[in-house]
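The values are calculated or read from the model by the stated rules, or taken from the named source; none is laboratory data. Computed from a predicted structure; not experimentally measured. Here the Cβ positions follow ideal geometry from the backbone for every residue, glycine too, while neighbour counts run over all protein chains shown. Side chains are part of the model used for accessible areas, which takes the heavy atoms of the whole protein and leaves out ligands, DNA and RNA. Shrake-Rupley method; radii C 1.70, N 1.55, O 1.52, S 1.80 Å.
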Amino acid sequence: MRMIRAFAMLGVVAGLAAGTALRAPAQSESEPETVLVTYHVKDGQQAQMESIIRKQWAALRRLDVVDEQPHLLLRGVEDGGKPVYAEVFAWKTADSADHLPAEIQTLWKLMNSLVESRSGRPGIDIHPMTPLPAQ
């Protein structure tokens with residue numbers, strides 16, 4: 001949930017403040033937090049967005065604020081062929097996103113410039129999730 005607040009401070013996910021996000025069960029800020037991030041990318045911005053997502057991931061790993069696994073980056077289409085990306089990863093602690101350097105905040109601002117709101121959802125949509133064991 002702390003990641004949501006960090007993105008919101010940058011104006012990235014204003015729609016989440018309206019209660020549109022899913023909520024994972026309450027957890028301590030010192031526990032890991034798995035998130036599903038959906039990027040509703042503007043048409044024609046796919047290559048730049050992929051590059052920035054990869055730069056962000058490398059920087060987050062270098063800063064040691066995310067776990068190496070799980071990490072999944074997916075690409076697809078929605079709303080009549082518009083590009084969408086989804087990323088799943090886990091912050092080492094739920095408050096990790098609150099203490100990131102300007103380098104990451106700059107990448108988040110760039111990401112925000114490459115997305116658009118769709119179907120009442122913000123351009124970058126973040127959902128804290130609870131991983132379930134495979135059966």
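Descriptive notes on the structure:
- Glu116 meets each of the listed conditions (1) without any contact (Cβ under 8 Å) to a residue 60 or more places away in the chain; (2) of a type in the set (D, E, K, R); (3) open to solvent by 40 Å² or more (accessible area, probe 1.4 Å) apart from (1).
- Output for region 47-82, where each listed residue is farther than 22 Å from Met129 by Cβ and of a type in the set (Val, Ile, Thr): Ile52, Val77
- Region 53-65 residues that are touching a residue at least 12 places away in the same chain (Cβ under 8 Å), paired with ones that are part of a helix (DSSP H, G or I) and among the acidic types (Asp, Glu) (beta carbon under 8 Å, 6 or more apart): Ala59/Glu103
- Residue check for Ala94: in contact with an Asp or Glu (Cβ under 9 Å, 6 or more places away or on another chain) and not aromatic (Phe, Trp, Tyr): yes
- Selection of region 91-135 for residues being of a type in the set (Gly, Ala, Ser) and under 12 Å from the mean Cα position of the chain (by Cα) yields Ala97, Gly123.
- Members of region 67-111 that are assigned to a strand (DSSP E or B), more than 17 Å from Arg121 (Cβ to Cβ) and open to solvent by less than 10 Å² (accessible area, probe 1.4 Å): Phe89, Ala90, Trp91
- Selection count where residues are part of a loop (DSSP other than H, G, I, E, B) and either open to solvent by 80 Å² or more (accessible area, probe 1.4 Å) or touching a residue at least 60 places away in the same chain (Cβ under 8 Å) (or both), scope region 31-52: 5
- Set Val88, Val84, Val37: member being of a type in the set (A, V, I, L, M) and over 12 Å from the mean Cα position of the chain (by Cα): Val84
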